[in-house]
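Single-structure report; data block below.
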Amino acid sequence: MARRYDPERRQRIIDAALRVVGRDGIGGLSHRTAAAEADVPLGSTTYHFASLDELLIAALRQANETFAAAVRDSRALADPDSDLAADLARIMGEWLAAERVRVELEYELYLAALRRPVLRPVAAEWTEGVVAALSRRTDPVTARALVAVMDGICLQVLLTDAAYDQEYARDVIGRVLGT
């Protein structure tokens, strides 16, 4: 029997893993649950991802891209005259408002690095990517502080069910920037 060529299968498995984690948490993810969600044979998941950690790494990389891309692609970073604090506060607000389940999924995968050291380099890649983007408008130390503040504000909103306060975020980010 000829093997069926399916170049999108790996991506479908990653997408399925993200859906499983979004619905059931990281504890609900296994090769078996990802295969069932992707509607592929179990062997396909182990072919593309030898371990569950490899699958989690791929899922974390994909999940982290949303916010990083929003920051990286922001016109505010290219315009030295824009109000960077206001622009970053707006970007965070748009990201948090877009789809809460997706944001929670991104943070769950990001924070999984606390217990799964293999995920730490991927979490660091995300941080470094956002720091690099922000460094186009500020120095690297301030950019790193901005990432920490934005992470903290987002986590507080997610963990307390508080409404996102864009003016508060703008004020705090402005303090970091010295504006």
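The values are calculated or read from the model by the stated rules, or taken from the named source; none is laboratory data. Treat the numbers as computed from the prediction; the structure is a model and nothing was measured. When we count neighbours, we look across all protein chains shown, and the Cβ atoms used for this are built from the backbone with ideal geometry, even at glycine. Ligands, DNA and RNA are excluded from the accessible area calculation, which covers all protein heavy atoms including side chains. Shrake-Rupley method; radii C 1.70, N 1.55, O 1.52, S 1.80 Å.
Looking at segment 161-175, is at least one residue open to solvent by 80 Å² or more (accessible area, probe 1.4 Å) and among the β-branched types (Val, Ile, Thr)? Looking through segment 161-175, none of the residues is open to solvent by 80 Å² or more (accessible area, probe 1.4 Å) and among the β-branched types (Val, Ile, Thr).
Contact map, segment 45-69: first residue open to solvent by 20 Å² or more (accessible area, probe 1.4 Å), second residue not in a helix (DSSP H, G or I), Cβ cut-off under 8 Å, separation 6 or more or different chains; pairs are Leu52/Leu29; Leu52/Ser30; Asp53/Arg116. The residues listed here are Glu37, Glu8; of these, the one that is modelled with pLDDT under 95 and open to solvent by 40 Å² or more (accessible area, probe 1.4 Å) is Glu8. Of all residues in segment 127-160, those that are closer than 15 Å to Ala89 by Cα, in contact (Cβ under 8 Å) with a residue 24 or more places away in the chain and open to solvent by 80 Å² or more (accessible area, probe 1.4 Å) total 0.
Can you spot a residue in segment 46-67 that is closer than 22 Å to Leu119 by Cα, touching an Asp or Glu at 6+ places or on another chain (Cβ under 9 Å) and outside any helix (DSSP H, G or I)? Checking segment 46-67: not a single residue is closer than 22 Å to Leu119 by Cα, touching an Asp or Glu at 6+ places or on another chain (Cβ under 9 Å) and outside any helix (DSSP H, G or I).
Of all residues in segment 72-86, count the ones that are over 23 Å from Ala162 (Cα atoms) and surrounded by 14 or more Cβ atoms within 10 Å (Cβ to Cβ). Looking only at that region, the number is 7.
Put simply, of Ala89, Ala97 the only residue that is closer than 24 Å to Gln156 by Cβ, in contact (Cβ under 8 Å) with a residue 60 or more places away in the chain and surrounded by fewer than 18 Cβ atoms within 10 Å (Cβ to Cβ) is Ala97.
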